[in-house]
Amino acid sequence: MDRTATPHRNQTGSAPSAWYCLRSQPKHEHIAAAHLRLLEDVTVFCPRIRFKRATRQGLVWVTEAMFPSYLFAHFELAKMHLQVRYAHGVSGIVRFAERYPTIEEGALAQLRDHTGGAEVKELNYHISEGDQVQIVGGAFVGLEAVVTQVLSAKERVKVLMDFLGRKMEAEIQCSSVLRQVAHPLAA
């Protein structure tokens with residue numbers, strides 16, 4: 001438990017301000033960030049991604065934490081340890097035994113540049129010829145296909161798919177297909 005750990009101090013007796021990784025309650029990263037922003041002398045960075053996900057109702061935009069259950073905060077550990085640790089939505093400050101590791105400013109600066117000022121990176125997957133897609137709406141829902149032609153004026157695509165044991169080409173609304181890509185954080 002955090003009460004047994006002592007925040008690291010420098011030679012002058014006070015711990016310098018630094019970036020720390022915080023663990024949040026599941027799916028509460030944005031809530032923890034909002035409460036931490038209310039604290040004086042605490043800077044918060046909670047990067048998120050916004051992307052399309054297939055649901056029963058079709059494609060919907062969702063926003064999730066870039067690092068599920070984690071966020072970053074810049075503060076003076078010795079001074080703000082308890083306020084940060086017990087802020088609403090925070091499960092704890094990441095530590096290893098008695099050591100609270102810090103995060104280099106440069107690493108977070110790269111993430112901030114990538115996500116922009118709003119801390120949200122929108123992942124837009126434009127469909128082009130040759131893309132593997134999953135059909136998420138209409139009569140062919142659930143089938144996988146390959147885009148053979150983009151019909152931008154009609155906001156439709158032509159896809160080639162296996163249907164009832166044979167190759168078939170069909171025209172489908174762009175909003176009814178989801179480009180299949182690796183997870184955005186996968187290497």
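Normalising the Debye intensity of the chain to I(0), with uniform scatterers on Cα atoms only, and taking log10 at q = 0.10, 0.12, 0.14, 0.19 Å⁻¹ returns -0.57, -0.69, -0.81, -1.19. Pairs with C-alpha atoms separated by more than 24 Å, drawn from the list Lys27/Lys52; Lys52/Lys158; Lys27/Lys121; Lys79/Lys121, are Lys79/Lys121.
Using unit Cβ charges (K, R positive; D, E negative) and no other charged atoms, how large, in debye to the nearest 20, is the dipole of the chain about its Cα centre? It would help to have the intermediate numbers written out before the result.
Values: 22 positive and 19 negative charges, 83 e Å.
Rounded to the nearest 20 debye, it is 400 debye.
In a DSSP loop and with at most 11 other Cβ atoms within 10 Å, the GluC sites (Glu not before Pro) in the range 80-187 are Glu98, Glu104, Glu129, Glu155. Computed from the C-beta positions of Glu169 and Arg50, the FRET efficiency with R₀ = 41 Å rounds to 0.80.
Fully extending the segment from Asp41 to Ser17, taken as 0.36 nm per residue of separation minus the present Cα-Cα distance, adds 7.7 nm. When peptides 47-54, 17-24 are ranked by their average number of other Cβ atoms within 10 Å per residue, the highest-first order is 17-24, 47-54.
Here, each number is a calculation from the coordinates, and none is a lab measurement. These numbers come from a predicted model, not from an experiment. Note: ideal-geometry Cβ built from the backbone for every residue, glycine included; neighbour counts use all protein chains shown.
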